1. In region 31-73, what chymotrypsin sites (Phe, Trp or Tyr not before Pro) fall in a loop by DSSP, with at most 12 other Cβ atoms inside 10 Å?
2. Just to confirm a number: summing +1 for Lys and Arg and -1 for Asp and Glu over residues other than Glu14 whose beta-carbon lies under 14 angstrom from that of Glu14, what do you get?
3. Please give the contour-minus-distance gain from Glu14 to Ala49: 0.36 nm per residue of separation, less the Cα-Cα distance, rounded to one decimal in nm.
4. Explain nothing, just compute: Karplus ³J(HN,Hα) = 6.51 cos²θ - 1.76 cosθ + 1.60, θ = phi - 60°, for every residue of region 83-91 in order, whole Hz, x for Gly and Pro.
5. With 10 angstrom as the radius, rank Arg66, Arg10 by how many other C-beta atoms surround their C-beta, starting from the fewest.
6. How many nm separate the modelled label positions at Thr63 and Thr95, each set 7 Å beyond the Cα in the direction of the Cβ?
Amino acid sequence: MNHGNYDSQRTMVEAESRKMDADYRAQKSFLNDEDVSFGAWLGILLLIAIPFINIIFLIALATGERNESLKNFAKAALLIIVVGFILATIYNMVTL
């Protein structure tokens, strides 16, 4: 019986399992209350710099099951956008 082929397949399955476990841990760290990485913050800040996309992204971030700090950040950013929109509307109404 050839056990070499079985051992190599087993090794490949174990390696894939370790990779999936590492991917899961990386995703889990973004979803729970652990620190958010530099790359994640960079991506978030780039996305909220794009008009209209920022509002959709912030709503998704604020309502999703993500890191509590990211949810609070998104809520605060949305509040600032809404207050700015209201103030701009009032200013435009007064100056007409």
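1. Phe52
2. With Lys, Arg at +1 and Asp, Glu at -1, the neighbours total 0.
3. Extending this stretch completely gives an extra 8.4 nm.
4. 4, x, 5, 5, 5, 5, 5, 5, 4
5. Fewest to most other Cβ atoms nearby, the residues stand as Arg10, Arg66.
6. The answer from the label model is 3.3 nm.
Values quoted throughout were computed directly from the atomic coordinates according to the rules given, and no laboratory measurement underlies them. Being a predicted model, the structure only gives us computed values, none of them experimental. So basically every Cβ, Gly included, is an ideal-geometry build from the backbone, and we count neighbours across all protein chains shown.
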